[in-house]
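**Q** I'd like to ask some things about the structure below.
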């Protein structure tokens, strides 16, 4: 079972009927609810009328009239559907085209023909990403600027749930909800890779096997990790919020992950830091167990209390 909730729906967009039908049957066999569109215009109509139930879009690049990349860019411009993860399909293993799609906001790329286990793994990750994002945004809407009367604060956390909660608190002081996802990604990176020592390669395998959460929980309970914390220091500086995230690990080769490397284009994770670095002021310090990100402050947060 790929989807965990009854309302999860996968939208397939492909102009080839035979492929679309075969993929729909495959996903339904895995427990998905599936709707299909034969072109970009039909997909737009479905997305506009059923935005609240579609959790993932599987989108072919090469289609007549409206291409897959055009539909992807349109989706990312629509506030009601911009957070739905999009898995792009292509018959060409072209790094430049793939980078173009990732830059436009694609969650992942699959090259036809693809293996069923890989599709299942990526779809699980996409559904999980969709729900995590929705939960973060829902929490953000409920927060009432908890940092409004704080100029400086230090937090110490251990778990993934605490990372999500704190990311919402910090992002509530900024004008862009997307910052919650960036902060959450950076803190989770500090927990899983820094404090728990899960390597990049290990995480890929754990995601393939749907065992990542189990392994994080197992390592958090180990005696050598029980006292480890991630320290987050938040400080308002004029019209920006300075967020420093430090873990107790040995650091990592952060230069490798500040850009999207062609050798990792088809990995099932590992693009979060690179994407964050393209949109925000992000700075790691050697050996890599500390990162500082600078975020704009929401207008209501600019004035410090006296």
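The values are calculated or read from the model by the stated rules, or taken from the named source; none is laboratory data. Fair warning: this is a prediction, and the values are worked out from it, not measured in the lab. Positions of Cβ are generated from backbone atoms using ideal geometry, with glycine treated the same way; all protein chains shown enter the neighbour counts.
Conditions tested, residue by residue: (1) modelled with pLDDT of 90 or more; (2) surrounded by 17 or more Cβ atoms within 10 Å (Cβ to Cβ); (3) touching a helix residue (DSSP H, G or I) at 6+ places or on another chain (Cβ under 6 Å).
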position: 79; (1), (2), (3): no, no, no
position: 85; (1), (2), (3): yes, yes, yes
position: 92; (1), (2), (3): no, no, no
position: 95; (1), (2), (3): no, no, yes
position: 98; (1), (2), (3): no, yes, no
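**Q** Further question on the same structure: Among residues belonging to region 246-292 that are at pLDDT below 95 and in a strand (DSSP E or B), point out the one that is farthest from the chain's Cα centre (by Cα).
**A** Of everything passing the filter in region 246-292, 285 is farthest from the chain's Cα centre (by Cα).
**Q** Moving on. Does residue 66 satisfy the condition of being surrounded by fewer than 18 Cβ atoms within 10 Å (Cβ to Cβ), touching a helix residue (DSSP H, G or I) at 6+ places or on another chain (Cβ under 6 Å) and in contact (Cβ under 8 Å) with a residue 12 or more places away in the chain?
**A** yes
**Q** Further question: Which of (1) in contact with a strand residue (DSSP E or B) (Cβ under 8 Å, 6 or more places away or on another chain); (2) in a loop (DSSP other than H, G, I, E, B) is the odd one out, the single condition residue 89 does not satisfy?
**A** Exception for residue 89: condition (2).
**Q** Of everything in region 137-173, what is over 19 Å from the mean Cα position of the chain (by Cα) and under 20 Å from residue 291 (Cβ atoms)? Give them in sequence order.
**A** Residues satisfying the conditions are 147, 152, 153, 154, 155, 156, 157, 158, 173.
**Q** Looking at 53, 13 in this structure, which one is surrounded by fewer than 16 Cβ atoms within 10 Å (Cβ to Cβ), touching a strand residue (DSSP E or B) at 6+ places or on another chain (Cβ under 7 Å), more than 22 Å from residue 279 (Cβ to Cβ) and not assigned by TED's automatic domain parsing to the domain that holds residue 275? Even if it seems obvious, please write down each step before you answer.
**A** Working: 13 fails: surrounded by fewer than 16 Cβ atoms within 10 Å (Cβ to Cβ).
That would be 53, the only listed residue that is surrounded by fewer than 16 Cβ atoms within 10 Å (Cβ to Cβ), touching a strand residue (DSSP E or B) at 6+ places or on another chain (Cβ under 7 Å), more than 22 Å from residue 279 (Cβ to Cβ) and not assigned by TED's automatic domain parsing to the domain that holds residue 275.
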